[in-house]
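Every number in this text was worked out from the coordinates using simple rules, so none of it is lab data. All values derive from a computational prediction rather than experimental measurement. All Cβ positions, glycine included, derive from the backbone under ideal geometry; neighbour counts span all protein chains shown.
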Amino acid sequence: MICISLDDATRDELRALRRTGLAPKVRDRIEMVTLSDAGWSAPRIAAHLGRHPQTVRSLLRAFAAGGIAALYPFRSGPAPDAERRRRVASTLRELLAEERTWTSRQLAEALAARGVALGPRQVRRHLKRLGAGYRRTASTLKHKQDPAKAERAGKVLANLKAKAAAGSIVLYYLDECGFSPTLPVGSSWTLPGQRKLVRYEAPQGRRVNALAAYRPYGRSPRLEVFTAGRTWNSYDLIGFLKALPWARGPRVIVLDNAGLHTSKVIRRARRSLTAAGIYLYFLPPYSPELNEIEAVFRQVKYHEIPERSHTTRIGLREAVERGFDNYGRKLPRKYPKELRPAA
C-alpha cells in the first residue's frame, strides 16, 4: 500500500498553499496527499473524492518522487514560443492602432500577409492576452479640435466646477436634443433564440425637440427640460435661461457654438442676461466631451425610454418627458476630481 508521511514543514506548506487561489484539480491533489498522511488508503481516498484508485496511486507515487511540484498538472508538448508570442502581440497592436475596424478573421488574414499563420480562434486567444475586447465603435470630433483651446477650456471648467461645488456659483450645462418616432437601436434582454423588433416609423413631421440644462454640482443636482414639437429659436432660449431656478450666486451656463446660441438675438440679449445674473460660457468648437449634458442625453435616449417606437408626436413627447423625469429623479451628486471624497 502506498502511504505518504509528511514532515511538519511540508505539512505547514500544504496548509498555506490551500489558502491561495488554486485550480480545483490542484486542491484535490493536496487533499489526496493530506488524507494519505492521515492514514487513509488509496481506494478510500478515491471513493471520498469520486476518483479512480489508480489516479490516487499515481499522484501519491509522483508526490513521493517529486514533492509539491507533482501537485500541478504536467504540461505536455513543447514549451511556449515566447518570441513568437511577442511578435504576434506587437503586430496585433500595430494593426489595432490603424484607423479601421477589425474582425478576428480579418486580423488572421492581415497576420498571414506578414508571415504569421494563425486562425481566427487563435487570434482571439492572443487578443485576450492583450486585454483587447470586441466593442462598439464611437464617433469623435477631437481630430477637428484646437488642442490648445480645448485644454484652456478644460482648466476654466475645472475652476467653475470647484466654485459650483463650494456654492459660490450655480453651474449649468445646456444643449438641445432631437428625438425621432423610432429611437436609436439599443440593447435589451431577450429569451434564447428571440430578438426584439422595433417597428420603424418615418420621422417626417413627428420629431420632438428637447431644450435642457443640467446642474450636476452642488447640494442638489437638477435637470431642467422643455420639450416641443418644433424647432427652437433664440427667443425660446432666452426665455428658458431666465426661467432657470434662481439661486444666491450667479448662474453660469456652459454651451456650445451652435447657431441658436450665437445668433444676433442672443448677442443683443447678453447684457440683460448678465444683469439678471446669467453668464454664458461658450465651449471651443468640436468639444462635445466638455459638455456634461451629452451624457444625460445619451442615457435618456438609449435607456430611459423603453418604448422604442411611437406612431404620434404626442405619444413621443410624453415618452420623452417621462424619460427625462425618470432620469432627473435619480441624478447622482457629482464632485470635481480635486474635491471627491475619499473612498
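Quick check: pseudo-label points 7 Å beyond the Cα along Cα→Cβ at A9 and T312, how many nm apart are they?
It is 8.6 nm.
Counting only residues 5 or more places away or on other chains, whose amide H sits under 5 Å from the amide H of V254 once H atoms are built in the peptide plane?
The list, which skips near neighbours in sequence, is Y172, Y173, L174, Y281.
Using a Förster radius of 56 Å, what is the FRET efficiency between R199 and R44 based on their Cβ-Cβ separation? Nearest 0.05, please. Before the final figure, lay out each step's value.
Details: r = 66 Å, r/R0 = 1.18.
Rounded to the nearest 0.05, the efficiency is 0.25.
Which distance in nm do the two modelled labels at N257 and R322 give, with both placed 7 Å along the Cα-to-Cβ direction?
The answer from the label model is 4.1 nm.
So what is the 222 nm mean residue ellipticity for the chain from helices alone, if each DSSP H run of at least 4 adds -39500 (n - 2.57) and you divide by all residues, rounding to the nearest 500 deg cm²/dmol? Walk me through the numbers on the way to the answer.
On the way: 12 runs with 152 residues, N = 343.
My calculation for the chain gives -14000 deg cm²/dmol from helical runs alone.
Hey, for a label at V156 modelled as a point 7 Å past Cα toward Cβ, could you say which residues of the stretch 246-276 have their backbone N under 17 Å away?
So the set is 251-259, 261-263, 267, 270-271, 274.
With a Förster radius of 35 Å, plug the Cβ-Cβ distance of R87 and K144 into 1/(1 + (r/R0)^6) and report the FRET value to the nearest 0.05. List each step's numbers first, then the result.
Values: r = 36 Å, r/R0 = 1.04.
Calculated transfer efficiency: 0.45.
Show me, for the stretch 222-233, the HN-Hα J-couplings you get by feeding each phi into the Karplus relation (A = 6.51, B = -1.76, C = 1.60, θ = phi - 60°), rounded to Hz, glycine and proline as x.
Using θ = phi - 60°, the values come out as 9, 9, 9, 9, 10, 10, 7, x, 8, 7, 6, 10 Hz.
Helix 8-18 versus the longest principal axis of the chain: what is the Cα-based angle in degrees, 0 to 90, to the nearest 10?
Tilt of helix 8-18: around 30 degrees.
Restricting attention to the stretch 1-81, which chymotrypsin sites (Phe, Trp or Tyr not before Pro) occupy a DSSP loop and are surrounded by at most 15 other Cβ atoms within 10 Å? Write down the numbers at each step before the final one.
Details: sites: W40, F63, F74; in loops: W40, F74.
Answer in residue order: F74.
Take the alpha carbon gyration tensor of the stretch 132-266, find the square roots of its eigenvalues, order them as a ≥ b ≥ c, and report rounded if a/c is under 1.5; if not, report prolate when a/b exceeds b/c, else oblate. Let's see the in-between values first.
On the way: a/c = 1.81, a/b = 1.44, b/c = 1.26.
It is prolate, given that a/c is not under 1.5 and a/b is the larger ratio.
Using a Förster distance of 22 angstrom, determine the FRET efficiency expected from the C-beta separation of R61 and A16, and round it to 0.05.
0.35
Build a GNM of the chain with springs between Cα atoms under 10 Å: which of E176, E294, E83 gets the top mean-square fluctuation?
For the chain, modelled as a Gaussian network with Cα springs under 10 Å, the answer is E83.
Toward the positive end of the charge dipole of the stretch 82-130, about the Cα centre and with charges on Cβ (Lys, Arg +1; Asp, Glu -1), which of L111, H126, T101 goes farthest?
H126
With the contact rule set at Cα under 8 Å and sequence spacing of 6 or more, what percent relative contact order holds for the chain? Let's see the in-between values first.
On the way: 391 pairs, mean separation 52.7, N = 343.
Dividing the mean separation by the residue count of the chain yields 15 percent.
Based on the mean of other beta carbon atoms within 10 Å per residue, what is the order of 43-53, 96-106, most packed first? Don't jump to the answer; show the numbers that get you there.
Working: 43-53: 14.4, 96-106: 10.8.
So the peptides 43-53, 96-106, ranked by packing, come out 43-53, 96-106.
Working out 0.36 nm times the residue gap between R219 and A113, then minus their Cα-Cα distance, what length gain in nm do you get to one decimal? Mind dumping the intermediate values first?
Working: separation 106, 0.36 × 106 = 38.16 nm, distance 5.88 nm.
In short, 32.3 nm is gained.
Under 1.5 on a/c is rounded, so check that first for the stretch 82-130, then, if it is not, pick prolate when a/b is larger than b/c and oblate when it is not; a ≥ b ≥ c are the square roots of the alpha carbon gyration tensor eigenvalues.
Values: a/c = 1.33, a/b = 1.23, b/c = 1.08.
Rounded is the answer for the stretch 82-130, as its axis ratio a/c remains below 1.5.
Per 10 Å bin, what is the whole-percent P(r) computed from every C-alpha pair distance within the chain?
Whole-percent P(r) values from 0 Å outward: 4, 16, 17, 16, 15, 12, 11, 7, 2, 0.
Choose one of V225, Q54, S272: the residue whose Cα lies farthest towards the positive end of the charge dipole of the chain (beta-carbon charges +1 Lys, Arg; -1 Asp, Glu; about the Cα centre).
Farthest along the dipole direction, towards plus: S272.
Can you give the charge dipole size of the chain about its Cα centre, rounded to the nearest 20 debye, using +1 on the beta carbon of Lys and Arg and -1 on the beta carbon of Asp and Glu? Numbers along the way, then the final one.
Working: 63 positive and 30 negative charges, 88 e Å.
Result for the chain is approximately 420 debye, rounded to the nearest 20.
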